[in-house]
Amino acid sequence: MLTKRLMQPFLGLLGTAVLLSFSGCSTTIGNLEEYKPIPLEPSKFIPESFDNEKPKVVVFELSNGNNQSAINADIGMTTATELEKYLNESGSVETVDRNAAEKLKGELQLIEMGSDTPYSGPAIASYAISGSISNAGMSSKFIEAVQYIDKNGKMRYIPPACIYIANVSGLLKIYELPSMKIALSRPFSETKRQSENGRSARDCGRMDDASLIRSAAVDAAEEMRHDLKNFFAKKAYISEKRLSKNGKTAIFKIEFGTNDGAKTDDTVEIYTLEENYNPLRKVTTQEEVKIAEAKISKHITQNVCWILIDDPKIAEKVKLGDYVKLHYEKSFLDTLKNSSNMFNKAMNY
């Protein structure tokens, strides 16, 4: 039976997941014609040109290193294939066939060995995704039979079982091209469990199950998908502002829509650029500053959508030429799954 001490962290995480699933910004706008157009103060940093092309990304097989379990289960390719799938689903990038980028793959391998030479091959992509598997393998444990009396006074029996645990961990890297600068470095780790009947520990001899290890790699890629999609989230500019009749609610027009992977109720983050002067170095730089978050309303087309900001102070900060990025959030089921995984790890299952 689970002790109260062990259950409390899990119940707390479950409660948090439920709260997150019901939180969010308002998306109710109603009739657009009831909102009065308001001139937007132009940002100091309105771009001279608007590049609407999707970045090209190539996803390479992650290195399995000398880990025989990773090699047998082909973890590097499994992870790369899953990541590529999520990128294609996002609609924010154009993926490049990895087989057409052999020169780039070779130069990436040199970079990971310590070279600092920029990429000098053909401009086939803006970013390259690579990485390595640091650990992959399986372990097992035998769980004795449990007999207990439930709250209704009935005798319950849980038969003995063999628990198999597959672990996969590694490091994912996103490189900017052609500089080969690392734009994102993210560790990952996932555990997958499977049980079967067993009478004693001698029955738990199944080791290095490639399918179970691959399944852990698939879960690891799924866990990384939000970070990956947020990194490549499309930037779109604010082009219009309207105000409600009572002057308390502002709505903003954004230049992206369903063609860019946006949907009603998706969360967007609103950014502006600010100047920052460094008196020590005597240089002025531009810094990206987040203003607010909002959700996409039901007013969405293939290329345009509207968002609502019901805080007048925040709405006043938004200028013509400020921009938004889609922000991919974990669903309630994702949060619940992560909480369950943490609980199982704490229980050493």
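The values are calculated or read from the model by the stated rules, or taken from the named source; none is laboratory data. Bear in mind the structure is a predicted one, so any value in this text is a computation, not a measurement. FYI the Cβ positions are ideal-geometry reconstructions off the backbone, even for glycines, and counts take in every protein chain you see.
Mind checking which pairs have a first residue in segment 315-330 that is part of a helix (DSSP H, G or I) and a second that is modelled with pLDDT under 90, Cβ under 7 Å, 6 or more apart or different chains?
Ala315/Ile309
So Thr301 ticks every box in (1) touching a strand residue (DSSP E or B) at 6+ places or on another chain (Cβ under 9 Å); (2) of a type in the set (Ser, Thr, Tyr); (3) at pLDDT 85 or above; (4) more than 15 Å from Lys235 (Cα to Cα) but one. Which box is left unticked?
(1)
Given Ser239, Ser195, which one is closer than 30 Å to Thr28 by Cα, surrounded by fewer than 16 Cβ atoms within 10 Å (Cβ to Cβ), in contact (Cβ under 8 Å) with a residue 12 or more places away in the chain and not charged (D, E, K, R)?
Ser239 is the lone residue from the list that is closer than 30 Å to Thr28 by Cα, surrounded by fewer than 16 Cβ atoms within 10 Å (Cβ to Cβ), in contact (Cβ under 8 Å) with a residue 12 or more places away in the chain and not charged (D, E, K, R).
Being within 25 Å of Ala210 (Cβ to Cβ), of a type in the set (S, T, N, Q) and over 28 Å from the mean Cα position of the chain (by Cα) narrows it down to one of Ser169, Ser132, Ser140, so name that one.
Matching residue, one of Ser169, Ser132, Ser140: Ser140.
Can you pull out the strands (runs of 3 or more DSSP E) entirely within segment 72-164 that have at least 2 residues that are surrounded by fewer than 16 Cβ atoms within 10 Å (Cβ to Cβ)?
Answer list for segment 72-164: 127-143, 146-149, 155-158.
Could you check, for segment 38-56, whether at least one of its residues is part of a loop (DSSP other than H, G, I, E, B), more than 30 Å from Gln286 (Cα to Cα) and either in contact with a strand residue (DSSP E or B) (Cβ under 7 Å, 6 or more places away or on another chain) or at pLDDT 90 or above (or both)?
The answer is no; no qualifying residue exists.
Do we find that Leu11 is more than 24 Å from the chain's Cα centre (by Cα) and modelled with pLDDT under 85 in this structure?
yes
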